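**Q** Provided herewith is a single structure, encoded as structure tokens, for subsequent inquiry.
The values are calculated or read from the model by the stated rules, or taken from the named source; none is laboratory data. As the structure is a computational prediction, the values presented were derived from the model and not from experiment. Cβ placement follows ideal geometry from the backbone for every residue including glycine, while neighbour counts extend to all protein chains displayed.
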Amino acid sequence: MAKLTRRHILWGAAATGGAAALTGLTGTTATAAGRTGASCHPIPGPVTVGPDDTRYASLNKSYNGRFTPRPDAVRAVYSGEQVVQAVEEAVRTGKRIAVRSGGHCYEDFVTGPDVRIVLDVSPMNHVTFDPEHQAFSVEAGATLAKVYKDLYYGWGVTIPGGSCPSVGIGGHAAGGGYGTLSREHGMVVDHLHGVEVVVVDKNGKPRRVVATRRADDPNRDLWWAHTGGGGGNFGVVLRYLLRSPQARGKDPAGLLPKPPATLPGLAATWQWAQIDERAFTTLVRDHGSWHERHPQAEVSSSLALTHKATGSFQLLVGVSGEHPDAERLMDEYLAQVTAGVGVAPETTRSNQPWLTATLGAATYAGGTPFKSKAAFLRRRWTDRQIGVVHKYLTDGDTRWGASVYVTSFGGRINTAAPSATAFPHRDALFSVAYDLYWADPADREEINWIRRFYQEVYAETGGVPVPNDANSGCYINYPDADLADPKWNTSGVPWHTLYYRDNYPRLQRIKARWDPRNVFHHALSVRPQA
């Protein structure tokens, strides 16, 4: 099997919720009335595809090959009214409904065996400017590629989101959203002005609600919940309203960040055959220590530690924003981080136009079994932890799908208070992702291998990154159901503390108000407060 790459995860592209774009669907037509942000034109009616339909296999694919979804139907929707109708029907018939936009969920939140209706919002993908709210209206089914292209072509602006073009904005934004521009511009949710959501009241009646960050908005708590509270918790997102809080004036071109003209980059590659444990430990330690000393530096990086079965691993370096001395900064950084390694890496440079580089990022098409685990760190790994990482990444010569990515956080991300948004990890300096792909979905040893790996890295805190001086917790956009399993989380600290820290009680109160019947739920969803 060819080696799979997940380079998009280097900059935090993954998201909960989502589905592949639908093409060639037919159905009854309706006017676009109620499709907020779209021009008035005929649109298809909802399309319902069941197991006997020839389109079912195409529309029911699982991003993660560990799961085989068998819903009663996949329902593609094109407007807010169609979403209301679908939710009303699901509530009335007692069928569990789950929502997807880009389809990139790591766990079975959409593909679980109890999901009977998959509500696919990917046909709702318009990106427009809403003059009423003086904000960009981005429908939840739009992929990041479409969001970036439409915002850039139309107005020369962007959002600091992830670098996997096929991820859907629907789940990506709800969990926080970060990427290559986040050190300079913060999280995606730092630019979230509002959200339109279909919610269900205590009587089972769905309705559309617009919630904004305005201090006088009676629905403001629903906006706050979508600034990092995760997808699949409160309702069906129809669209996001995007505008930077510091933006002034009415010119759309000044209401969101402007991306740099180019993305300068430097890749340093080491061959595993040339690196012993001492050199590996020195590199990983010095990489972490440098970022501890320079949390606000313009240089960012991702240490892509792929398994020795792949033959090599890399350190990827970039510079935030426009900088005339980008090459010098990257060279100086590389020299300092690698001074004690003793093995000179091979280096390659790139400096592509921003949009070309962003849309050209490598993506994973889905279908192969994988397990991902993640952590936010306030400090670098200890030498003991680095030793564990080295042990597992040099274990055997067949685990081509094993890798660990240590990505620098910091910068503008750290300037907000943990409670300012539902995303609480504002003190994190590193985002770490542990990935494993394998061939046979029935092979339990593979998934247990990465579970043991992760558990051993965080052995001092019960097998998980319990928030403390060294750890910040976990990222809901990289969901890991093991955190709710006492076999793998022996810390005594509940999963919701790892994801939401002190923000969880507030999320529970919001859940109780806006989804009192718990219509929208999954293995790691916010539980309503009693």
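**Q** For SER302, which of the numbered conditions (1) in the same structural domain as VAL147 (by TED's automatic domain parsing); (2) at pLDDT 95 or above fails to hold?
**A** Evaluating SER302 over (1) in the same structural domain as VAL147 (by TED's automatic domain parsing); (2) at pLDDT 95 or above leaves (1) as the failure.
**Q** Follow-up question, since we're still on this one. Suppose we filter the range 71-113 for residues that are assigned to a strand (DSSP E or B) and among the acidic types (Asp, Glu); how many remain?
**A** 0
**Q** If ARG513 satisfies all but one of (1) within 21 Å of the chain's Cα centre (by Cα); (2) under 19 Å from VAL209 (Cα atoms); (3) basic (Lys, Arg), what's the number of the condition it fails?
**A** All conditions pass for ARG513, except number (1).
**Q** How many of the residues in the range 155-178 are in a loop (DSSP other than H, G, I, E, B), out of contact with any Pro (no Cβ under 8 Å at 6 or more places or on another chain) and among the hydrophobic types (A, V, I, L, M, F, W, C)?
**A** Total meeting the criteria: 2.
**Q** Here is a follow-up. Looking at ALA247, ALA211, which is the one that is within 20 Å of ASN503 (Cβ to Cβ), outside the structural domain of GLY360 (by TED's automatic domain parsing) and without any contact (Cβ under 8 Å) to a residue 24 or more places away in the chain?
**A** ALA211
**Q** Still on this structure, I have one more. Hey, can you tell me all the residues within the range 215-226 that are buried (at least 24 other Cβ atoms within 10 Å of the Cβ) and among the small types (Gly, Ala, Ser)?
**A** ALA225
**Q** Also, quick follow-up: Would you point out which residue out of ASN448, ASN518, ASN468 is surrounded by fewer than 20 Cβ atoms within 10 Å (Cβ to Cβ), outside any loop (DSSP other than H, G, I, E, B), not assigned by TED's automatic domain parsing to the domain that holds THR68 and not small (Gly, Ala, Ser)?
**A** So the residue among ASN448, ASN518, ASN468 that is surrounded by fewer than 20 Cβ atoms within 10 Å (Cβ to Cβ), outside any loop (DSSP other than H, G, I, E, B), not assigned by TED's automatic domain parsing to the domain that holds THR68 and not small (Gly, Ala, Ser) is ASN448.
**Q** Does the range 451-465 hold any residues that are part of a helix (DSSP H, G or I), touching a residue at least 24 places away in the same chain (Cβ under 8 Å) and farther than 18 Å from VAL404 by Cα, and which are they?
**A** Selection gives THR461 alone.
Rundown of residues vs (1) within 25 Å of GLU139 (Cα to Cα); (2) buried (at least 17 other Cβ atoms within 10 Å of the Cβ); (3) under 26 Å from the mean Cα position of the chain (by Cα), yes/no style:
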| position | (1), (2), (3) |
| --- | --- |
| ARG55 | yes, no, no |
| ARG70 | no, no, yes |
| VAL77 | yes, yes, yes |
| GLY80 | yes, yes, yes |
| VAL87 | yes, yes, yes |
| ILE97 | yes, yes, yes |
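Listed here are the residues, each with its yes/no results for (1) assigned to a loop (DSSP other than H, G, I, E, B); (2) farther than 27 Å from TYR500 by Cβ.
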residue: VAL115; (1), (2): yes, no
residue: SER122; (1), (2): yes, yes
residue: THR180; (1), (2): yes, no
residue: GLU184; (1), (2): no, no
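**Q** Quick one: in the range 479-530, of everything that is polar (S, T, N, Q) and without any contact (Cβ under 8 Å) to a residue 24 or more places away in the chain, which residue is nearest to ASP108 (Cα to Cα)?
**A** For the range 479-530, the residue satisfying everything is ASN518.
**Q** With the checklist (1) surrounded by 16 or more Cβ atoms within 10 Å (Cβ to Cβ); (2) more than 22 Å from the chain's Cα centre (by Cα) in hand, flag the one item THR490 doesn't pass.
**A** For THR490, the exception is condition (1).
**Q** So GLY177 clears everything in (1) under 16 Å from HIS104 (Cβ atoms); (2) over 11 Å from the mean Cα position of the chain (by Cα) except one condition, right? Which one?
**A** Going through (1) under 16 Å from HIS104 (Cβ atoms); (2) over 11 Å from the mean Cα position of the chain (by Cα) one by one, GLY177 breaks only (2).
**Q** Only one residue in GLY360, GLY366 is surrounded by fewer than 20 Cβ atoms within 10 Å (Cβ to Cβ) and out of contact with any Gly (no Cβ under 9 Å at 6 or more places or on another chain), so which one is that?
**A** GLY360
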